[in-house]
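One structure is given here, and the rest of the page talks about it.
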Amino acid sequence: MDYIEVKGLTKIFGKDVIAVQDANFTLEYGEFISLLGPSGCGKSTILNMISGLIEPTEAEIFVDGKCFFSNRQSINVPTEKREMGMVFQDFALWPHLNVFENVAFGLRLRKVASGEIKKKVHEALELVKLPGFENRLPKELSGGQQQRVAFARAIVISPKVLLLDEPLSALDAKLREEMREEITNLTRELSITTIYVTHDQVEALTMSDRMFVMNEGQILRAGTPLDIYEDPQASFVAAFIGKSNFIEGEYQKQGEDAFIQLSENLRIQSTRLGGDIPAGQKVSAVLRPEKIMVSRSPGDVDTDGLNLLKGKLLRTVFLGDSYEAHFQVDDHLTFKVPLQQDYPSDTILYLMFRKEEVKILEK
Ligand code: ADP
Ligand code: MG
């Protein structure tokens with residue numbers, strides 16, 4: 001059975017700010033999912049409706065078989081009864097309380113016996129690698145350490161669900177990378193069902209079992225990071241996650257083959273679509289740069305099912321461990337392609353990619 005079930009989640013602020021529109025999703029027990037999308041797309045609003053900090057305009061929310069919210073049945077379980085651990089971007093530690101008291105706060109609220117509190121706080125601080133920091137004040141800690149305290153405070157109550165709202169965005173790049181791994185390991189170790197909000201695609205791709213890609217209040221695509229990367233389906237998703245080459249033209253069929261006609265002289269083979277698209281319809285497709293192979297001569301490859309295009313190198317961008325090359329393929333088509341070595345501008349190279357890698361996007 002689904003551990004979390006969210007149906008028809010909608011939030012309208014005031015008269016007409018539609019922050020979240022009819023979001024539907026489920027999580028299995030122990031699953032780690034990310035809500036990924038640009039600033040203002042409704043991620044925090046979703047998280048805060050699940051925790052009970054914001055009341056949905058409409059929804060049904062179930063956790064572990066219990067209804068937490070239903071506007072139809074007038075159910076609205078208060079935040080403190082939902083047993084959720086939360087970590088926010090700014091950590092939200094109490095500045096006048098030391099580390100011990102910050103972590104102990106939720107336990108005191110729940111009237112846990114003091115011996116038990118001591119034990120649990122100690123365990124939580126061990127988990128986040130901060131034993132011995134009990135007496136420090138938040139201002140005596142680094143950003144990374146404050147983040148760990150916030151994390152300890154969230155998990156010390158053994159929450160049913162962990163809700164993390166951009167918890168790493170206040171940290172510097174190096175630390176972010178470290179914490180990414182630690183949070184992933186920790187949540188898996190504790191088998192804690194986690195919803196992670198981020199606008200950072202690398203975080204979502206590397207940490208999640210599944211990710212939900214959002215734009216303008218809607219969940220556009222849900223799936224494993226690999227699924228979504230390989231087959232983004234929506235052009236927004238393709239553009240937001242990873243690098244993309246976009247191909248636009250008319251959809252054509254010939255026997256079992258399908259292709260996109262870009263101009264009189266240029267057509268690109270693609271896979272045939274499931275739904276029957278009429279010939280001549282305008283379509284967009286995405287081709288990931290790393291799916292393109294490069295060769296100096298066109299002769300030595302078997303071209304069956306392979307697109308082979310001539311590209312003129314416009315320029316390369318040095319990326320440290322590789323180059324990103326920009327090729328002119330046709331008057332209206334340029335491709336980004338990763339290269340291991342640099343070439344002078346105007347070099348002609350042959351670009352090859354399998355038709356399966358040309359993923360047609362839904363309108
Ligand atoms: P995200 O977390 O993805 O950056 P939010 O969920 O914070 O986005 O916001 C989604 C939209 O709802 C934005 O357009 C934001 O301006 C609006 N919004 C958020 N909170 C409120 C509020 N309390 N009152 C009015 N509008 C709000
Ligand atoms: Mg937010």
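Rule-based calculations on the coordinates, nothing more; no lab input. If you're wondering where the values come from, they're calculated on a predicted model, not measured in any experiment. Positions of Cβ are generated from backbone atoms using ideal geometry, with glycine treated the same way; all protein chains shown enter the neighbour counts.
Alpha carbon centre of the range 123-167 versus the range 44-81: separation in Å?
For the range 123-167 versus the range 44-81, the Cα centre distance is 26 Å.
Between the alpha-carbon centers of the range 17-33 and the range 180-200, tell me the distance in whole angstrom.
16 Å
Taking 10 °C and 1.306 mPa s as the conditions, I'd like the Stokes-Einstein D for the range 126-186 in µm²/s, using the Kirkwood hydrodynamic radius from alpha carbon pairs. Walk me through the numbers before you get to the answer.
Working: Rh = 12.3 Å.
The calculation lands on 129 µm²/s.
If the only charges are +1 at each Lys and Arg Cβ and -1 at each Asp and Glu Cβ, what is the size of the charge dipole of the range 193-282 around the Cα centre, to the nearest 20 debye?
Working: 7 positive and 13 negative charges, 15 e Å.
Roughly 80 debye for the range 193-282.
Please list, or write none, the aspartates and glutamates whose alpha carbon is within less than 18 Å of the alpha carbon of residue 310, excluding same-chain residues fewer than 8 places away.
248, 264, 290, 300, 302, 324, 330, 331, 342, 346, 357
What is the local net charge at residue 60, summed over the other residues whose Cβ is closer than 9 Å to its Cβ (Lys, Arg +1; Asp, Glu -1)?
Working: positive: 7, 72; negative: 5, 58.
Summing Lys and Arg as +1 and Asp and Glu as -1 gives 0.
Kindly write out, for the range 188-200 in residue order, the coupling ³J(HN,Hα) from the Karplus curve 6.51 cos²θ - 1.76 cosθ + 1.60 (θ = phi - 60°), rounded to whole Hz, with x marking Gly and Pro.
Per-residue couplings from phi come out as 6, 4, 7, 6, 9, 5, 10, 10, 10, 9, 7, 9, 9 Hz.
Projected onto the charge dipole of the range 233-363 (+1 at Lys/Arg Cβ, -1 at Asp/Glu Cβ, origin at the Cα centre), which of 298, 350, 238 gives the Cα projection farthest towards the positive end?
The Cα lying farthest towards the positive end belongs to 238.
For the chain, what's the radius of gyration and Dmax over Cα atoms, in angstrom?
25.0, 79
Pick from 239, 173, 104: which is most flexible by mean-square fluctuation in a GNM of the chain where alpha carbon atoms under 10 Å apart are linked?
Among 239, 173, 104, the largest GNM mean-square fluctuation belongs to 173.
Please quote Rg/Rh for the range 1-131 to two decimal places, taking the Kirkwood radius as Rh and restricting both calculations to Cα atoms. Walk me through the numbers on the way to the answer.
Working: Rg = 17.1 Å, Rh = 16.8 Å.
My calculation puts Rg/Rh at 1.02.
Please list 3J(HN,Hα) in residue order for the range 317-333, calculated via the Karplus relation 6.51 cos²θ - 1.76 cosθ + 1.60 where θ = phi - 60°; whole Hz, with x for glycine and proline.
Values per residue, Gly and Pro as x: 10, 6, 10, x, 9, 6, 10, 9, 9, 10, 10, 8, 9, 8, 3, 10, 10 Hz.
For the chain, what does -39500 (n - 2.57) per DSSP helix run (n ≥ 4), summed and divided by total residues, give at 222 nm, in deg cm²/dmol to the nearest 500?
Numbers: 8 runs with 83 residues, N = 363.
One gets -7000 deg cm²/dmol as the mean residue ellipticity at 222 nm.
Using alpha carbons only, how many degrees (0 to 90, rounded to 10) separate the axis of helix 114-127 from the longest principal axis of the chain?
Once rounded, the angle reads 20 degrees.
Could you state the principal axis extents of the C-alpha atoms in the range 238-337, from the largest down, to the nearest angstrom?
44, 36, 23
Length gain on complete extension for the stretch residue 174 to residue 231, per 0.36 nm per residue less the alpha carbon to alpha carbon distance? Working shown, then result.
Values: separation 57, 0.36 × 57 = 20.52 nm, distance 2.99 nm.
Working it through step by step, the gained length comes to 17.5 nm.
In this model, which of 81/119; 43/120; 118/139; 43/160; 282/336; 11/66 are farther than 29 Å apart at the alpha-carbon? Spell out each step's value before the answer.
Values: 81/119 23 Å; 43/120 31 Å; 118/139 22 Å; 43/160 20 Å; 282/336 22 Å; 11/66 21 Å.
In this structure, 43/120 lie more than 29 Å apart at Cα.
Using a simple spin-label model with points 7 Å from Cα along the Cα→Cβ vector, what separation in nm is obtained for residue 113 and residue 295?
Here the modelled spin labels are 7.5 nm apart.
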